[in-house]
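**Student:** Sharing a structure with you now.
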Amino acid sequence: MQNIATKIDLNAAKEELKKLGQGSDEFSSEYFDGIDNFNLKQYVHAIQSFEKTITKIHVQFGEGQNIHEALIYKWMANAYWYLSDLENAKKSIKKTIKIYKKLLKEDEQRALAEAYGIKGQILFDMEECLTSVRSWQKQHAILDKILGDDDKYELGQVLCNIGKAYSSARSEDAKNSFEKAIDMLTLGIGIKDCADAEVLIATALFQDFENKFSDAVENFRLALQHYEQAGDHQRIGDVCFQMGKALYYSEQYEEALYYFKKAEPYFNEFYGSNHFYSGFLLSWILYSQRLAKQPKEAAETSKKVLERFGVIISFPFRSSVNALTSAGEAFRVMDNMDDAFKAFTKALEIAKRFGDENEKVASTYTDLGNLYWYESKLDQCLEAYQKAYDLYVKLGDERCVEMTTLNLGNVYWFQGKFDKAMDSYKRALEMYRKKHEKEDETVAPYYNNIGNIYCDQGDNQTGLENYKKAYDIFVEKKGADHPNAALYHYQMARGLSRIGAYQKARQFIEKSLDIDIKYCGDSNSAVGKTLSLLGLVLIEQDKPKEAITYLEKAIQNMENQTYPNNYHISNAYQRLGLAYLKLKEYDSAMNNIVKALSLKLTQFGEDHPWTAEAYYALGQVFKAKQNHEEALINFEKALSIRKKFFNDDHPDVHQNQLSVNATKKKL
């Protein structure tokens, strides 16, 4: 941020004003008031004084006819920057440049170079990275002409800024800029204060661009030592922030959090707590807290993010949207759905200010879809995902089209629209294959999803084959003990249980539990889901008492969780009811299956194959109690629903029809 002034030298300003001569007394009072207010960080008052000054200059000299008008616009640009009003900052500095280009003499071009530097910084902060490059290149061209061979160090600082802008745009031109910057900055070692630290920073930023995060962290650390010895608080804050980001990208989230928090008081000191830089820092604290598994702390930070980014509308929009959507996700994790919805809605509002068809609008629709998904609002979820999908298609973002196609498949699956779900999953897999010559672990979820549909459609063998594809791919790439491997062990167990291979299924269940308990503890919802499957296997192995123990633990783990665990909770209650049915404890069986039915009706509605499962289970209880009339009512409800989704040769339809026929004979 070397381009933005922190103070204005009042004495120098007075000397400059004397050169203007007659007429300057007409506006000097307001001008000096503006400078005093700027130095006191009273930026609104400073701008008001500067505006009065410019009005008087126009009266005295005419518009655009006085160098001091350009200078005051420059100070206004700085003041607007501190107020996070980047649009007005850009307008002000453009007026400065226009006047300078018209009035500056050949030997006064340094002022124009400085103005281009400020414009470059403003454009960079507005996320107009490649446009900022052009301003900094103009600054560089002017300085290259006027600086002597012994004073090229300043060019290194400009080149470093150009490198940062190219890096943010992910342009390979960053490499050349950083290399030149390092060469130029090295010339200042032993001559300029902290030149060695500037070389370290440029080197670290270059390494950051090349994803050499460990090397970048070490150079940032060395630079930080220099600035701490020099007592340069502003640079200490900046370097702590950069080092935090490098640590974050190297997945050292707790250490990243330490440096972000270390930067916080310095940012508040120099930029103010309401400045967008402080807002960015706050968002990085939030990102780190989430990945460091600090949900309560993340929720508290999210409240600050929502307050900060929800009020000030002139923040750079991509970063604002990122911060708000991260806050929304943190709220969701803490089951604070109201604030999550506020954060996502505000993010969408900001994204739409820059047109209805940009990538941030699309990604925020995806985030809203995810929220509706967790709230089991499947119709709203489908609508949000469809909007995201349509935008990604228009934008030509093939990767996001692929991922949103998967999301649509998930919604269709939970709506019981298995044919549509299968079509979505297979289209997503085809998109993946077009871009990858060889499948890696990222394709494993695709096969899992396809396996789920085959199983729900009654083709358990093909379902298991797809689960095994997913398992083999993931384990080959990441290993059987990877934290995420628990899911693939679980899916293998699910597939094996569907074909009656219960003992083998238990081996995969035990492995899944070992991994989840190791990394997440024994009370989380993933463990609950797997314990529920273990309960089902034990029921099929005629061990209902053991099953009850595990199913009660499963429900305890999941009962305070929001969707997607509601689906697994309802299954656990249904299985618990069936375990009690095996023990002929009919009241307990009835209570638990009714609970499962209530959850499924709430989540999926009456017409859904998974709701039919609960009706069928209820029919089994009535049948065992010799209440054949009620048994028939529930068997027929289940059959009626299933026939809407499956052909007569589906195993569930076939078994259901047998139960209906047998029960009718009892009446």
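**Student:** What ranking, highest mean first, results for peptides 453-460, 138-145 when packing means the other Cβ atoms within 10 Å averaged over each residue?
**Tutor:** In descending order of packing, they fall as 453-460, 138-145.
**Student:** If you don't mind, there's one more thing I want to ask. So if each residue of separation counts as 0.36 nm, and I subtract the Cα-Cα distance between Lys644 and Lys261, what length gain in nm does that give?
**Tutor:** 132.2 nm
**Student:** GluC sites (Glu not before Pro), restricted to the range 42-123: which are DSSP loop and have at most 12 other Cβ atoms within 10 Å?
**Tutor:** For GluC sites (Glu not before Pro) across the range 42-123 that sit outside H, G, I, E and B with at most 12 neighbouring Cβ atoms in 10 Å, the list reads Glu63.
**Student:** A further question follows. Based on the alpha carbon coordinates of the range 246-403, what radius of gyration and maximum Cα-Cα distance (Dmax) apply, in Å?
**Tutor:** 15.8, 48
**Student:** Mean residue ellipticity at 222 nm from the helices of the chain, using -39,500 (n - 2.57) per DSSP H segment of n ≥ 4 over the full residue count, to the nearest 500 deg cm²/dmol?
**Tutor:** -26500 deg cm²/dmol
**Student:** How about the range 215-320: which GluC sites (Glu not before Pro) there lie in a loop by DSSP and see at most 15 other Cβ atoms within 10 Å?
**Tutor:** Sites meeting the loop and neighbour criteria: Glu251.
**Student:** Ok, one more. If I model a spin label as a point 7 Å beyond the Cα along the Cα-Cβ vector, how far apart are those points for Asn176 and Asp587 in nm?
**Tutor:** 8.4 nm
**Student:** Extending each Cα 7 Å along its Cβ direction at Asp151 and Glu210, get the distance between those two points in nm, one decimal.
**Tutor:** 3.3 nm
**Student:** Take the alpha-carbon centre of the range 483-507, take the same for the range 342-374, and report the distance between them in whole Å.
**Tutor:** 37 Å
**Student:** Separate question: By how many degrees, 0 to 90 and rounded to 10, does the Cα axis of helix 86-103 deviate from the longest principal axis of the chain?
**Tutor:** On a 0 to 90 degree scale, this one is about 30.
**Student:** Separate question: Can you tell me the order of 339-349, 153-163, 642-652 when each peptide is scored by its average per-residue count of other Cβ atoms within 10 angstrom, highest first?
**Tutor:** Going by the mean number of other Cβ atoms within 10 Å, highest first, we get 153-163, 339-349, 642-652.
**Student:** Computed from these coordinates, which is Rg/Rh (Cα atoms, Kirkwood Rh): [x] 1.05; [y] 1.11; [z] 0.98?
**Tutor:** [y]
**Student:** Would you work out the relative contact order for the range 220-334, in percent, from Cα pairs under 8 angstrom that are 6 or more residues apart?
**Tutor:** That works out to 20 percent.
**Student:** Here is a further query. Hey, what did the chain get for relative contact order, percent, Cα under 8 Å, at least 6 apart?
**Tutor:** With pairs under 8 Å counted, the relative contact order is 5 percent.
**Student:** Let me ask another. Just give me a number: lysine pairs in the range 506-611, eight or more positions apart or cross-chain, with C-alpha atoms less than 20 Å apart.
**Tutor:** Summing the qualifying lysine pairs gives 20.
**Student:** Next question. Can you give me the accessible area per residue for the chain, using a 1.4 Å probe, in Å²?
**Tutor:** For the chain, the per-residue accessible area is 45 Å².
**Student:** Using r as the Cβ-Cβ distance of Lys426 and Glu251, and R0 as 30 Å, what FRET efficiency do you calculate, to the nearest 0.05?
**Tutor:** So the FRET efficiency works out to roughly 0.35.
**Student:** So what is the relative contact order for the range 533-667, in percent, with contacts set as C-alpha pairs under 8 Å and at least six apart?
**Tutor:** Contact order relative to length: 16 percent.
**Student:** To make sure I understand the rule: partners must be aspartates and glutamates, Cα under 16 Å from the Cα of Lys212, and not fewer than 8 residues away in the same chain. Which ones qualify?
**Tutor:** Qualifying aspartates and glutamates at Cα under 16 Å: Glu172, Glu179, Glu251.
**Student:** Right, next: Could you calculate the contour length gain from Ile517 to Ala12, that is, 0.36 nm times the residue separation minus the distance between their Cα atoms, to one decimal place in nm?
**Tutor:** Taking 0.36 nm per residue and subtracting the Cα distance, the gain is 175.1 nm.
**Student:** What trypsin sites (Lys or Arg not before Pro) does the range 84-115 have in DSSP loop regions with at most 16 other beta carbons within 10 Å?
**Tutor:** Lys105
**Student:** Percent of accessible area on the chain owned by carbon and sulfur, 1.4 Å probe?
**Tutor:** 47 percent
**Student:** Hey, another quick one. On full extension of the chain, what length is gained from Asn484 through Arg433, given 0.36 nm per residue of separation minus the C-alpha to C-alpha distance?
**Tutor:** 16.1 nm
The values are calculated or read from the model by the stated rules, or taken from the named source; none is laboratory data. In this text the structure is predicted, and so the values were computed from the model without any measurement. Neighbour counts are summed over all protein chains in view; Cβ atoms, including those assigned to glycine, are modelled from backbone coordinates with ideal geometry. These accessible areas exclude ligands, DNA and RNA; they are computed on the full protein's heavy atoms, side chains included. Shrake-Rupley method; radii C 1.70, N 1.55, O 1.52, S 1.80 Å.
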